[in-house]
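For reference, the structure discussed in these notes is given below.
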Amino acid sequence: MMSNLFSSFDPATSINLSLNWMAMTLFCLIIPYPFWVMPNQYSVMFHNISNTLFSDYKSLINKKSPIMLMLISLFIFIMLNNLMGLLPYVYTSSSQLSFSLALAMPLWMSFMLFGWINNCNHMFAHLIPSGTPAVLMPFMVCIETTSNIIRPGSLSVRLTANMIAGHLLMTLLGNNMTNCSPLIMPMILIIQMMLMWFETAVSLIQAYVFSVLSTLYSSEVI
């Protein structure tokens with residue numbers, strides 16, 4: 001109960017818990033996140049990567065599409081999985097065909113369903129390239145259909161094979177270090193360090209290739 005007319009301006013109106021000063025900090029919840037938190041190096045790096053990928057994908061699709069956000073997220077997801085696999089005693093999930101197929105198959109199936117439902121005439125026209133002679137049209141339809149069907153398999157096998165090859169070579173060199181002479185051991189160690197840098201580049205490149213090919217496949221149906 002108010003003791004006088006000005007008691008409402010007292011900050012400690014509650015004896016148990018004084019929340020009146022909280023009103024001064026509530027505006028922080030309204031201000032957007034970038035305006036009150038200083039970005040660190042990781043956020044700046046992901047921001048630059050997202051802007052670069054957005055400009056690349058925009059040139060491939062030739063329009064702004066909501067699918068760009070999904071493709072950029074796909075690139076970051078595959079890149080982080082590939083890079084985490086380079087750490088010692090960490091399982092490389094992208095080296096398994098089931099993991100790659102789980103990414104490529106739903107993506108390809110969604111593109112096909114979207115294209116055949118919304119752009120059916122365009123999908124039929126895509127089976128026969130422009131300028132194809134009438135005699136070769138049936139063969140071109142078979143070839144284009146086959147190449148379209150094997151796209152998720154080629155995406156997944158490319159990612160899996162490239163991740164397995166480098167890890168297998170590094171494993172073979174590491175197992176031979178215990179049985180080799182002390183003179184050859186530094187040479188094997190230098191080769192493994194070079195392979196580690198090479199595998200880091202492969203991890204980034206394969207994530208980029210997977211996302212770019214998915215962008216090219218989506219540009220045919222959008």
Kindly indicate whether Leu168 is surrounded by 12 or more Cβ atoms within 10 Å (Cβ to Cβ) and among the aliphatic types (A, V, I, L, M). no
Taking region 56-90 and keeping only residues that are within 27 Å of Met163 (Cα to Cα), among the polar types (S, T, N, Q) and either touching a strand residue (DSSP E or B) at 6+ places or on another chain (Cβ under 7 Å) or without any contact (Cβ under 8 Å) to a residue 60 or more places away in the chain (or both), one is left with Ser73, Asn81
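Where residues in region 172-218 are of a type in the set (Ser, Thr, Tyr) and more than 16 Å from Ala104 (Cα to Cα), which of them is modelled with the lowest pLDDT?
Just the residues of region 172-218 that are of a type in the set (Ser, Thr, Tyr), to begin with: 178, 181, 200, 203, 208, 211, 214-215, 217-218.
Then keep just the ones that are more than 16 Å from Ala104 (Cα to Cα); that gives 178, 181, 200, 203.
Values: Thr178: 73, Ser181: 78, Thr200: 90, Ser203: 90.
Here the answer is Thr178.
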inquiry  = Would you confirm, using the coordinates I've provided, whether Pro34 is under 36 Å from the mean Cα position of the chain (by Cα), at pLDDT 65 or above, part of a helix (DSSP H, G or I) and not hydrophobic (A, V, I, L, M, F, W, C)?
reply    = yes
Taking region 175-212 and the residues there that are closer than 15 Å to Asp56 by Cβ and without any contact (Cβ under 8 Å) to a residue 60 or more places away in the chain, the one that is surrounded by the most Cβ atoms within 10 Å (Cβ to Cβ) would be Val209
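Consider region 145-156. How many of its residues are part of a helix (DSSP H, G or I) and exposed (fewer than 15 other Cβ atoms within 10 Å of the Cβ)?
Taking region 145-156 and keeping what is part of a helix (DSSP H, G or I), we get 145-149, 151-156.
From what is left, the residues that are exposed (fewer than 15 other Cβ atoms within 10 Å of the Cβ) are 145-147, 149, 154.
Going through region 145-156 one residue at a time, the tally reaches 5.
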Scanning region 105-133 for residues that are touching a residue at least 24 places away in the same chain (Cβ under 8 Å) and surrounded by fewer than 11 Cβ atoms within 10 Å (Cβ to Cβ) gives none
* Based on what the data block shows, is Gly115 in contact with a His (Cβ under 8 Å, 6 or more places away or on another chain), within 13 Å of Ser219 (Cα to Cα) and not acidic (Asp, Glu)? -> yes
Apart from one, (1) hydrophobic (A, V, I, L, M, F, W, C); (2) modelled with pLDDT of 85 or more; (3) surrounded by 15 or more Cβ atoms within 10 Å (Cβ to Cβ) all hold for Ala102; the odd one out is (3)
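The values are calculated or read from the model by the stated rules, or taken from the named source; none is laboratory data. As the structure is a prediction and not an experimental result, all values here were calculated from the model. Here Cβ is always computed from backbone atoms with ideal geometry, including for glycine, and neighbour counts include all displayed protein chains.
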